[in-house]
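Data block below; observations after.
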Amino acid sequence: MLVLKSMLPFLDKKWSQIDAAISYLENRITGDAFIEVLNEAVLSKRRSSWIIEAKMPHTKNIAIRLARTKGRPGGRKLTPEEIHESRQLRETFGLTYRKLGEIYGIAESTMFRALKLYV
């Protein structure tokens, strides 16, 4: 945070992105608002990246509080039946971890761990 704040007066590029990062870290904007600033920079060719499609409707402190009380928002475990079924879908249709995660309502990384770790 100190580095970001100390850099801000000397920036001629990426000022809006650094300002948005500081605002998010200080709980003044939601994650969605921060992502919107990054995506605007990509669309206006001020940032060489891809469009981010994450859902972060909370400020940083609220998201941390939610994660501590009930896990990540929307986070859940797969049942053994769902793991077996998703493994069959992957083998039969070649679905990606991302697509399987969308089907079961979990993160891509959770799907990857479920299929790789739990046999």
Task: Residues of the stretch 26-40 satisfying the condition of being out of contact with any helix residue (DSSP H, G or I) (no Cβ under 6 Å at 6 or more places or on another chain) and within 15 Å of Lys60 (Cβ to Cβ) - done: Glu26, Arg28, Thr30, Gly31, Asp32, Ala33, Ile35
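Yes or no, residue by residue, for (1) outside any helix (DSSP H, G or I); (2) surrounded by fewer than 17 Cβ atoms within 10 Å (Cβ to Cβ); (3) at pLDDT 95 or above:
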{"site": "Asn61", "(1), (2), (3)": "no, yes, no"}
{"site": "Arg68", "(1), (2), (3)": "no, yes, no"}
{"site": "Leu78", "(1), (2), (3)": "yes, no, no"}
{"site": "Glu85", "(1), (2), (3)": "no, yes, no"}
{"site": "Gly101", "(1), (2), (3)": "no, no, no"}
- [ ] Report yes if Lys5 is modelled with pLDDT of 90 or more and more than 18 Å from the chain's Cα centre (by Cα), otherwise no.
- [x] yes
TODO: Six or more apart or on different chains, Cβ under 8 Å: which pairs go from a residue in the stretch 1-16 that's surrounded by 10 or more Cβ atoms within 10 Å (Cβ to Cβ) to one that's of a type in the set (S, T, N, Q)? Could you list them?
DONE: none
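The values are calculated or read from the model by the stated rules, or taken from the named source; none is laboratory data. Please read these numbers as outputs of a predicted model, since none were measured by experiment. Reconstructed Cβ throughout: ideal geometry from the backbone, glycine too, with neighbour counts over all protein chains shown.
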